[in-house]
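First up is the structure itself, then whatever we jot down about it.
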Amino acid sequence: MLKTLTSILCLFALLFANYLGAQDNESCYSIALESRSATAGEPFCVDVKASGFDELLAFQWSIKYDPAILEFIEVTNFNLPGSSENNFGRISEDPDGAIMGGSWSSPSVSPIDIDDTEPFFSICFQPLVDQGITYVEFFDYPTPFEIIIDPAVSKSLSVGLRSAEIRIGEETEHDLRIEQICIQAGDCDNFGA
């Protein structure tokens, strides 16, 4: 199975190498909900980190999770200027799960550079099950994902979003994992040329 999957991924890379070029941090931005292992009955926090961002002015987001597996506790560890629990809306539940929206903008209306080593903020949960795997992920509703950077330095903005895999109880690793991929829009007029 692993050999077949590896062969498919290699074929994909060969066929689309012209379109999926390697990108440096200056042209590929990412925001990640960091994956974690958690112990049943013990609270834990998921860090929200970004990389590649310079001159950030504002962004908005929605995050969803399964309320049958995780109970929201709090948002903490605010590292963006002027950010606090007031940047987050109330949690709503619908068929997609529990959803929390939020937004932030630079209080000085001046762009800021992001420290890739520090989280924007952390979202804390309490596991409601003894064992299992669940996800905390970005979602387009009720607040669509949007990022605004300083237009004076802006290029084409391509953002990779990464969900957090939460493993509760026993820890097992998968053999093959793609942690992040960033694809920028290409020139459709020259596709295949």
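The values are calculated or read from the model by the stated rules, or taken from the named source; none is laboratory data. Note that this is a predicted model, so its numbers are computed, not measured. Ligands, DNA and RNA are excluded from the accessible area calculation, which covers all protein heavy atoms including side chains. Shrake-Rupley method; radii C 1.70, N 1.55, O 1.52, S 1.80 Å.
If you bin every alpha carbon distance in the range 30-99 into 5 Å steps from zero, what whole percent lands in each bin?
3, 11, 22, 26, 21, 12, 5, 1, 0
Determine the share of the range 41-155's accessible area contributed by carbon and sulfur atoms, expressed in whole percent, with a 1.4 angstrom probe. Mind dumping the intermediate values first?
Details: 2720 of 5770 Å².
Reported share for carbon and sulfur atoms: 47 percent.
If you count only protein heavy atoms with a 1.4 Å probe, what accessible area per residue comes out for the range 41-112, rounded to a whole Å²?
Numbers: 3370 Å² over 72 residues.
Accessible area per residue: 47 Å².
The range 102-149 to the range 32-73: how many Å between their Cα centroids?
6
Would you kindly derive the ³J(HN,Hα) couplings of the range 102-111 from the backbone phi angles with the Karplus curve 6.51 cos²θ - 1.76 cosθ + 1.60 (θ = phi - 60°), listing them in order in whole Hz, with x for Gly and Pro?
x, 7, 8, 9, 4, x, 8, 6, 10, x
In nm², what is the average projected area of the convex hull enclosing the Cα atoms of the range 69-118?
On the way: hull surface 19.4 nm².
That works out to 4.9 nm², a quarter of the Cα hull's surface.
Under the rule a/c < 1.5 gives rounded, and otherwise a/b versus b/c splits prolate from oblate, where does the range 67-159 land using the Cα gyration tensor?
On the way: a/c = 2.14, a/b = 1.84, b/c = 1.17.
Because a/c hits 1.5 or more and a/b exceeds b/c, the range 67-159 counts as prolate.
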